[in-house]
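The values are calculated or read from the model by the stated rules, or taken from the named source; none is laboratory data. Just so you know, these numbers come straight off a predicted model, no measurement behind them. Glycine also receives a Cβ, built like all others from the backbone with ideal geometry; neighbour counts cover every protein chain displayed. Only protein heavy atoms, including side chains, enter the accessible area calculation; ligands, DNA and RNA are left aside. Shrake-Rupley method; radii C 1.70, N 1.55, O 1.52, S 1.80 Å.
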Amino acid sequence: MTQVVGISANTAAYAMEALKPAPRTPNKTVIEEAIHALARRVEQGSDQQLRALINVVKPPSLALYFLTSSHHQNPQATYEQVQEAYEDNESRDNDKAA
């Protein structure tokens with residue numbers, strides 16, 4: 001005699017959650033934590049090599065600022081302003097050539 005057990009899809013999905021592998025932590029997070037730990041060691045100690053190293057390896061917030069600074073839109077000039085700038089440069093070149 002065979003017993004057939006039926007379960008819903010939701011129950012099966014809930015049971016499978018336990019079998020999923022744990023999500024990996026991104027390398028960026030691991031590196032940021034290591035830099036913060038190094039900064040704490042520098043604050044507590046007086047090792048000059050560590051101080052030099054922390055000056056080379058900047059905090060992640062500063063690196064993030066430089067990486068995202070290109071995303072800020074610069075104000076654009078009007079056509080008249082561009083034309084004036086070209087004329088100024090052209091007149092300067094003519095003055096230098098003379």
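Total residues in segment 4-39 satisfying the condition of being over 30 Å from Leu53 (Cα atoms), among the hydroxyl-bearing types (Ser, Thr, Tyr) and either open to solvent by less than 100 Å² (accessible area, probe 1.4 Å) or touching a residue at least 24 places away in the same chain (Cβ under 8 Å) (or both): the figure is 2.
Residues of segment 53-84 that are modelled with pLDDT of 75 or more and part of a helix (DSSP H, G or I): Tyr79, Glu80, Gln81, Val82, Gln83, Glu84.
Taking each residue of segment 45-56 that is without any contact (Cβ under 8 Å) to a residue 12 or more places away in the chain and looking for partners that are surrounded by 10 or more Cβ atoms within 10 Å (Cβ to Cβ) with beta-carbon atoms closer than 7 Å, six or more apart or interchain, yields Arg51/Val42.
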